[in-house]
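Please read the structure below before turning to the comments.
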Amino acid sequence: MDATKTNILPNLLSGFLDIEATNLKADFGIVICYCIKPAKSKKIIEKCVAPEELKSCHDREVLKHLIENLSKFDRVVTQYGKFFDLPFLRARALNLGLDFPPYKHLWQSDTYIIAKQKLCVSSRRLENLARFLNIKTKKTPITSEHWLGALMGKKKSLEYILDHCRRDIKILDRVYNRTYQFAAVAKTSI
C-alpha cells in the first residue's frame, strides 16, 4: 500500500481516541483516563484522574481536558467507540454540565464497525484484529488487581491503566490504517 495515501478525508485532522473508565455505564462510573493520538504523529495527548479525584468520584478535570482537545480534531477514530467511549463521554459531560461536541461538530470512524461490516473474523476485539492482521502489539492485560488498585487511587495502578490506554491507541492506529480502505469514510457524527 502506498504510504503517501491519506487514510482520512483530505484536510481533516483525525485523532485516535481511547478511554478507560471505572464502569461500563456513565451513571455508575467515571473516566479514569483518556488518550488521543493525532493521525500521522507519535505525540499522545492524555490525562489521568488524580488519586484524590478518583477517591471522590470526580472526573471533571479529565473531561474538561478531553473536550478541549477533541475540539482540535475534525474526526475521531475509535474501537467500539460509537457504542461505548463516545456515549460514555457524552453522558459524563452532560452530568457535569460540560459542553460536549454537538451533532455534526465532530465526525467519527470505528474499527469495530469496519470489522463487523467488512471482515469475517471470530472476534472484533482490537487485540484479535491486530493479531489477525499480523500487527505486532505490546498490549497489556488489565487484571482485577490493576482495576481495584486504580479504584483505590493507587498511583502505580493508575499509571498502568494509562499505559494500557496509550498502547491501545497505537494498535488502533495500525488496525485502522490496515482496514480503512474497505469502508467509506463517511460523515458520521459523534
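The values are calculated or read from the model by the stated rules, or taken from the named source; none is laboratory data. Everything quoted here is computed from the prediction, not taken from an experiment. Positions of Cβ are generated from backbone atoms using ideal geometry, with glycine treated the same way; all protein chains shown enter the neighbour counts.
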The condition of being farther than 30 Å from P51 by Cβ, at pLDDT below 95 and surrounded by 13 or more Cβ atoms within 10 Å (Cβ to Cβ) holds, among T179, T188, only for T188
For A130, the lone unmet condition from (1) in contact with a helix residue (DSSP H, G or I) (Cβ under 7 Å, 6 or more places away or on another chain); (2) in a helix (DSSP H, G or I); (3) free of Cβ contacts under 8 Å to residues at least 40 places away in the same chain is (3)
- Message: Kindly evaluate R75 against the criterion of being under 14 Å from L172 (Cα atoms) and either over 12 Å from the mean Cα position of the chain (by Cα) or aliphatic (A, V, I, L, M) (or both).
- Response: no
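Given the criterion under 25 Å from F28 (Cα atoms) and either at pLDDT 95 or above or buried (at least 17 other Cβ atoms within 10 Å of the Cβ) (or both), identify the matching residue among R131, R75, R125.
R125
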The correct count of residues that are within 29 Å of P141 (Cβ to Cβ), in contact with a Leu (Cβ under 6 Å, 6 or more places away or on another chain) and of a type in the set (A, V, I, L, M, F, W, C) in the stretch 172-190 is 2
Quick count over the stretch 32-52, residues being farther than 14 Å from E159 by Cα and crowded, with 17+ Cβ neighbours inside 10 Å, is 5
So, first residue small (G, A, S) in the stretch 156-181, second residue buried (at least 21 other Cβ atoms within 10 Å of the Cβ), Cβ within less than 9 Å, six or more apart or across chains; the pairs are S157/A150
Across the stretch 91-118, the tally of residues that are out of contact with any strand residue (DSSP E or B) (no Cβ under 8 Å at 6 or more places or on another chain), surrounded by 14 or more Cβ atoms within 10 Å (Cβ to Cβ) and either in contact (Cβ under 8 Å) with a residue 60 or more places away in the chain or part of a loop (DSSP other than H, G, I, E, B) (or both) stands at 8
